[in-house]
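*Asks:* Take this structure, written in structure tokens, and hold onto it; I'll ask about it next.
The values are calculated or read from the model by the stated rules, or taken from the named source; none is laboratory data. None of the values given here were measured: they were computed from a predicted structure. Cβ sites come from the backbone with ideal geometry, for glycine too, and all protein chains shown count toward neighbours. These area figures cover heavy atoms from the full protein model, side chains too; ligands, DNA and RNA do not enter into them. Shrake-Rupley method; radii C 1.70, N 1.55, O 1.52, S 1.80 Å.
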Amino acid sequence: MSTSVETAIDRAPLDAAAKACEAEIVGFLRDLIAIPAESCQEGPVIQRIKQEMEKVGFDEVRIDPMGNILGRIGSGSKVIMMDSHTDTVGVGDPKEWAWDPYKGKVEDGFVWGRGTCDQRAGMASMVYAGKMIKDLGLLGDYTLWVVGSVQEEDCDGLAWLYILREDGIRPDCVVITEPTNLHVYRGHRGRMEIEVHVRGRSCHASAPERGDNPIYRVMPLVQEIEKLNERLKHDSFLGKGTIAVTEIRSMTPSLCAVPGACSIHLDRRLTAGETLESAVAEVKAIAPEGAEVEVLSYEVPSYTGLKYPMQKYYPTWVLPEEDVLVRSAVNTYRKLNGRKPVVDKWVFSTNGVGSMGMMRVPTVGFGPGEEDVAHSVVERVPIFHLVEAAKFYAAFPLTYLETLHG
Ligand SMILES: [Zn+2]
């Protein structure tokens, strides 16, 4: 078996096939970039992806009730899913851009614009990997689902919570194609959004002694949060957990009144071993008496109108380096490049919080583009990354089977 697999992903034909697809991958990516789609507006870009999946010969293409697109290749027993979210962040102030962010300018070996690396590039490479699998006969005892998910920028993991609970697919593994600079990533910190609400008693501000000013009771908490940040756990792989106050808000009938309530918003990044329960308990321990500590919820409907509420708790996930999925990704890279890839982690959060953080499906990352230009006005993706990623995705399924059985 291993001989046939080795032969099946012989480098030369894969290199040639990928090179032959380069212009089409770039063209498809530029088409995707030209369809702006912030979270909850992905309908048109999903339709464009459907068209391309059908064109290159996927066996089945469906759009689920949330609006995620799922393209299938093969019908074997091991189920491999790959994900690219289809929404992007906005462009902010257009004057900050030196070129049209929705044009997909091609220059210096890069495609430039909003959504290039984050992460229409992943989608473009995956769809053409599908074509290469078909053209080169890289099929086997696996089913590959190429997924274009919705709402990631607003609520990472939500689409995968939905797909894994509601779409009736039970994957053995998930590959996230967010930018990794062609490295293999095996986790990242989690995060949560917390608010602390403190009630007081409103009164005329000309006689503040009649009331109870909640802002004064929140101020020591703010200082305690700053100290809490200093003592949060450190993990040698993921780095340190963090907490930051990002907003203070009062509810007051007038600026000439003592407010009746005050709330603070907390951005919490979770490292290994930190959970919703531990993070909430830490805040409760320093909050004034009677304060309410709330983990916020996300319940914005998707572009199809489907509501799937979720707490804004995005759990940390890390897959051990010796896990068969990490080894499969490393083997795939090694076959294509003749050397071991860098194995690392993302700084930002991805849909892995849904697939692995919440649903415990082994998840790994490999994607075109550099993480640090995501969400910036110099967002871009190297064209050779598109080609290399397509080769990786085409070679991955058989290498996964080989690593599993090896
Ligand atoms: Zn992203």
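*Asks:* Would you mind giving the three semi-axes, in whole Å and largest first, of the ellipsoid equivalent to the stretch 240-283 according to its Cα gyration tensor?
*Replies:* Taking √(5λ) for each eigenvalue gives 31, 10, 5 Å, largest first.
*Asks:* Just reorder Phe384, Phe237 by solvent-accessible area, largest first, 1.4 Å probe, all chains present. Please report the intermediate quantities before stating the final value.
*Replies:* Values: Phe384 125, Phe237 45 Å².
Largest accessible area first, the list is Phe384, Phe237.
*Asks:* Could you give the radius of gyration (one decimal) and Dmax (whole number) of the Cα atoms in the stretch 83-206, in Å?
*Replies:* According to the Cα coordinates of the stretch 83-206, Rg and Dmax are 20.8, 80 Å.
*Asks:* May I pose another question? Which length gain, in nm to one decimal place, applies between Thr242 and Asp372 when the Cα-Cα distance is subtracted from 0.36 nm times their residue separation?
*Replies:* Going from the current span to full extension adds 44.9 nm.
*Asks:* A further question on this structure: Over the alpha carbons of the chain, what is the largest minus smallest coordinate on each principal axis, giving the biggest first in Å?
*Replies:* Here the spans come out as 83, 44, 38 Å, largest first.
*Asks:* Report the full-extension gain for the segment Glu209 to Glu38: residue separation times 0.36 nm, less the Cα-Cα distance, to one decimal in nm. If you can, show how the numbers build up before the last one.
*Replies:* Numbers: separation 171, 0.36 × 171 = 61.56 nm, distance 4.83 nm.
Fully extending the segment from Glu209 to Glu38 adds 56.7 nm.
*Asks:* Measuring from label point to label point, each 7 Å out along Cα→Cβ, what is the Lys227 to Leu296 span in nm?
*Replies:* Between Lys227 and Leu296, the simple spin-label model gives 2.7 nm.
*Asks:* So what's Rg/Rh here for the stretch 65-107, counting alpha carbon atoms and using the Kirkwood radius for Rh?
*Replies:* On the way: Rg = 17.4 Å, Rh = 14.7 Å.
Across the stretch 65-107, the Cα-based Rg/Rh ratio is 1.19.
*Asks:* Taking 25 Å as R0, compute the FRET efficiency from the Cβ-Cβ separation of Cys256 and Asp154 and round it to 0.05.
*Replies:* On the way: r = 37 Å, r/R0 = 1.49.
Efficiency, rounded to the nearest 0.05: 0.10.
*Asks:* At 0.36 nm per residue, and after removing the present C-alpha to C-alpha distance, how many nm does the segment from Arg62 to Ile169 gain when stretched out fully? Numbers along the way, then the final one.
*Replies:* Numbers: separation 107, 0.36 × 107 = 38.52 nm, distance 1.27 nm.
The span from Arg62 to Ile169 would gain 37.3 nm if fully extended.
*Asks:* For each pair in Lys50/Lys131; Lys19/Lys131; Lys55/Lys134; Lys19/Lys103; Lys335/Lys391; Lys131/Lys391, compute the distance between the two Cα atoms and list the pairs where it is over 18 Å. Don't skip to the answer; put the middle values down first.
*Replies:* Values: Lys50/Lys131 14 Å; Lys19/Lys131 13 Å; Lys55/Lys134 12 Å; Lys19/Lys103 23 Å; Lys335/Lys391 11 Å; Lys131/Lys391 11 Å.
Checking Cα-Cα distances, Lys19/Lys103 exceed 18 Å.
*Asks:* Which value in nm describes the separation of the simple spin-label points at Lys95 and Ala285, placed 7 Å from the Cα toward the beta carbon?
*Replies:* Each label point is offset 7 Å from its Cα along the Cβ direction, giving 4.8 nm.
*Asks:* Starting from 0 in steps of 5 Å, tell me what percent of the Cα-Cα pairs of the stretch 14-63 lands in each bin.
*Replies:* Answer for the stretch 14-63: a P(r) of 4, 18, 23, 22, 18, 10, 3, 1 percent.
*Asks:* Would you grab the residues whose amide H sits under 5 Å from the one on Val111? Only those 5+ places off in sequence or on another chain, please, with H modelled 1.01 Å from N.
*Replies:* Val381, Ile383
*Asks:* Moving on to the next point. To the nearest µm²/s, what D does Stokes-Einstein give for the stretch 46-155 at 20 °C and 1.002 mPa s, using the Kirkwood radius over alpha carbon pairs as Rh? Kindly include the intermediate steps, with their values, before the conclusion.
*Replies:* Numbers: Rh = 15.2 Å.
Rounded, D is 141 µm²/s.
*Asks:* Something else: Mind listing P(r) for the stretch 147-197? All alpha-carbon pairs, 10 Å bins, whole percents.
*Replies:* Percent of pairs per bin, in order: 17, 45, 31, 7, 1.
*Asks:* Turning to a different aspect of this structure: Under a 1.4 Å probe, what is the accessible area of the stretch 7-144 per residue, stated in Å²?
*Replies:* Working: 5180 Å² over 138 residues.
Solvent-accessible surface per residue comes out at 38 Å².
*Asks:* In what order, largest first, do Phe28, Phe110 sit by accessible area if the probe radius is 1.4 Å? Walk me through the intermediate numbers first.
*Replies:* Numbers: Phe28 5, Phe110 40 Å².
Heavy-atom accessible area, descending, gives Phe110, Phe28.
*Asks:* Something else: On the Cα set of the stretch 180-290, report Rg and Dmax in Å, please.
*Replies:* Reported Rg and Dmax, both Å: 17.9, 63.
*Asks:* For the stretch 105-159, take the alpha-carbon Rg, divide it by the Kirkwood Rh, and send me Rg/Rh. Mind dumping the intermediate values first?
*Replies:* Values: Rg = 14.6 Å, Rh = 13.6 Å.
Using only Cα positions, Rg/Rh for the stretch 105-159 is 1.08.
*Asks:* For the stretch 178-184, just list the computed ³J(HN,Hα) in residue order, Karplus coefficients 6.51, -1.76 and 1.60, θ = phi - 60°, integers in Hz, with x standing in for Gly and Pro.
*Replies:* Each residue's phi maps through the Karplus curve to give 4, x, 10, 6, 6, 9, 9 Hz.
*Asks:* Alpha carbons only, please: Rg and Dmax for the stretch 279-366, in angstrom.
*Replies:* Over the stretch 279-366's Cα set, Rg and Dmax evaluate to 18.7, 61 Å.
*Asks:* With unit charges on the beta carbon (Lys/Arg positive, Asp/Glu negative), name the residue among Val245, Tyr314, Cys262 whose Cα is farthest towards the positive pole of the charge dipole of the chain.
*Replies:* Sorting the options by dipole projection puts first Tyr314.
*Asks:* I would also like to ask the following. Using only the C-alpha atoms of the stretch 363-406, find the volume of their convex hull and express it per residue in Å³. List each step's numbers first, then the result.
*Replies:* Numbers: hull volume 3.4 nm³, N = 44.
Hull volume normalised by residue count: 77 Å³.
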